[in-house]
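Everything on this sheet refers to the single structure shown next.
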Amino acid sequence: MSKLNTSSPELDLDHPNIEDYLPSGSIQEPIGKLRLRDLLDISPTLTEAAGAIVDDSFTRCFKSNPPEPWNWNIYLFPLWCLGVVFRYGILFPLRVIVLTIGWIIFLLCYFPVHFLLKGHDKLRKKLEIVLEETVKSSLFSLQRGLVEVLCSFFVASWTGVVKYHGPRPSMRPKQVFVANHTSMIDFIVLEQMTAFAVIMQKHPGWVGLLQSTILESLGCIWFNRSEAKDREIVARKLREHVNGPDNNPLLIFPEGTCVNNNYTVMFKKGSFELGCTVCPIAIKYNKIFVDAFWNSRKQSFTTHLLQLMTSWAVVCDVWYLEPQNLKPGETPIEFAERVRDIISVRAGVKKVPWDGYMKYSRPSPKHREGKQQSFADWVLRRLEER
């Protein structure tokens, strides 16, 4: 069967073999009869449509791949049962204790200062007059350090094995860090090394409570995907943050949604039109013990954390890559694609030409019209050949 003829090499990376999904009888027809293979070879558009029906590359970006069972015989099954007892009966309680100790230490050190200063403007002003600049800077550093310590306890509660490559990020104005996105734990993995301010979807429940109390002190920016006005407000806050010399480094996940760490979807251009240096970060999880992908449509973040805490370990590599700047004549969209190329190659993931927001909505009319125009051009070419 011929490959899909398309101008985008990204589609070829994941083009499914239709014959793998068909019974042998539908392919091996007697000579002289119309075979399904011939029908699909008539048009690249029909081939692409058939491939999308059986296994489209967009859906595969957001599918978790369960591990293959290995306890299939009488010798392995007792070992598997022993592992389950050890993980749930010993490891999990120990990890809960570790995480509880971390929360107690954090709350005892963080909230007395945070709520005292947040609720008393007059007291804050008096302290700013009495305290020297170095003392105030130390207090802010302590606050950032406590958040890093809490994230370290979270990583320890998964028996996280994280290897960092490259120089540690530093606080500088006019820079923004961008990374591929697999789960909300990406933020925790990165935060235990550097106190980033992050732009993130506003979440309900206990995660939202943490966002409005602890993470807000880092200068984090929240948005609501359903509010169109939020885009302008967020864009203004981003520019103000990157221009502040004393602000925490800004971290953005430009894909806008969690992808299963096998692919990267299109980067939003907002991070690349701020007129500042972009520092790429590549994150790659090893699925040998657990799949770190968070499918937010199928499980809550609490369930996701429990899955991590009852696994053997979370194994991860993080690469801090060379900073990039907008080249002369380069558009923000081209800049975003160039940075996505760098991250994809380093993390060993495939690029696909999809907008991650399609996960939350129907395809745009522009996308449908593009496919319709492509099919119409092909039909015209075939008619002219005749």
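So, of the residues in the range 276-299 that are of a type in the set (Gly, Ala, Ser) and in contact (Cβ under 8 Å) with a residue 60 or more places away in the chain, which turns out to be surrounded by the most Cβ atoms within 10 Å (Cβ to Cβ)? Working first, answer last.
Going through the range 276-299, the residues of a type in the set (Gly, Ala, Ser) turn out to be 282, 292, 296.
So of that shortlist, the ones also in contact (Cβ under 8 Å) with a residue 60 or more places away in the chain come out as 282, 292.
Details: Ala282: 22, Ala292: 28.
The residue in question is Ala292.
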Quiz item: Looking at Leu209, is it in the same structural domain as Asn260 (by TED's automatic domain parsing), of a type in the set (A, V, I, L, M), at pLDDT 90 or above and in a helix (DSSP H, G or I)?
Solution: no
Quiz item: Assuming Asp246 fulfils every condition listed in (1) in a helix (DSSP H, G or I); (2) over 15 Å from Ser183 (Cβ atoms); (3) in contact (Cβ under 8 Å) with a residue 12 or more places away in the chain apart from one, which condition is it?
Solution: (1)
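Can you tell which of Ile252, Ile283 is in contact with an Asp or Glu (Cβ under 8 Å, 6 or more places away or on another chain) and aliphatic (A, V, I, L, M)?
On the way: Ile252 fails: in contact with an Asp or Glu (Cβ under 8 Å, 6 or more places away or on another chain).
On inspection, the qualifying residue turns out to be Ile283.
Determine, yes or no, whether Cys316 is within 30 Å of Pro67 (Cα to Cα), in the same structural domain as Lys350 (by TED's automatic domain parsing), in contact with a Ser or Thr (Cβ under 7 Å, 6 or more places away or on another chain) and of a type outside the set (Lys, Arg). Give the steps one after another, and end with the answer.
Values: within 30 Å of Pro67 (Cα to Cα): yes; in the same structural domain as Lys350 (by TED's automatic domain parsing): yes; in contact with a Ser or Thr (Cβ under 7 Å, 6 or more places away or on another chain): no; of a type outside the set (Lys, Arg): yes.
Against the criterion (within 30 Å of Pro67 (Cα to Cα), in the same structural domain as Lys350 (by TED's automatic domain parsing), in contact with a Ser or Thr (Cβ under 7 Å, 6 or more places away or on another chain) and of a type outside the set (Lys, Arg)), Cys316 does not qualify.
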Quiz item: Counting just the residues of the range 333-352 that are crowded, with 20+ Cβ neighbours inside 10 Å and assigned to a loop (DSSP other than H, G, I, E, B), which one comes out modelled with the highest pLDDT?
Solution: Val349
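Scan the helices (runs of 4 or more DSSP H) fully inside the range 52-169 and keep the ones with 3 or more residues being over 30 Å from the mean Cα position of the chain (by Cα) and either over 30 Å from Tyr263 (Cα atoms) or at pLDDT 90 or above (or both).
Values: elements: 57-60, 76-86, 92-119, 121-130, 133-156.
Passing ranges, in order: 76-86, 92-119, 121-130, 133-156.
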Practice problem: Would you be able to say whether some residue in the range 325-332 is modelled with pLDDT of 90 or more and among the hydrophobic types (A, V, I, L, M, F, W, C)? | Solution: yes
Quiz prompt | Selection count, the range 237-278, where residues are modelled with pLDDT under 85 and β-branched (Val, Ile, Thr) | solution = 1
Exercise. Identify, from the list Leu274, Leu251, the residue that is farther than 30 Å from Val84 by Cβ and assigned to a loop (DSSP other than H, G, I, E, B).
Key: Leu274
Quiz item: Would a scan of the range 162-172 turn up a residue that is surrounded by 20 or more Cβ atoms within 10 Å (Cβ to Cβ) and of a type in the set (Ser, Thr, Tyr)?
Solution: no
Quiz item: Of the residues that make up the range 306-324, is at least one among the hydroxyl-bearing types (Ser, Thr, Tyr), in contact (Cβ under 8 Å) with a residue 12 or more places away in the chain, closer than 24 Å to Pro173 by Cα and crowded, with 18+ Cβ neighbours inside 10 Å?
Solution: yes
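The values are calculated or read from the model by the stated rules, or taken from the named source; none is laboratory data. Treat the numbers as computed from the prediction; the structure is a model and nothing was measured. When we count neighbours, we look across all protein chains shown, and the Cβ atoms used for this are built from the backbone with ideal geometry, even at glycine.
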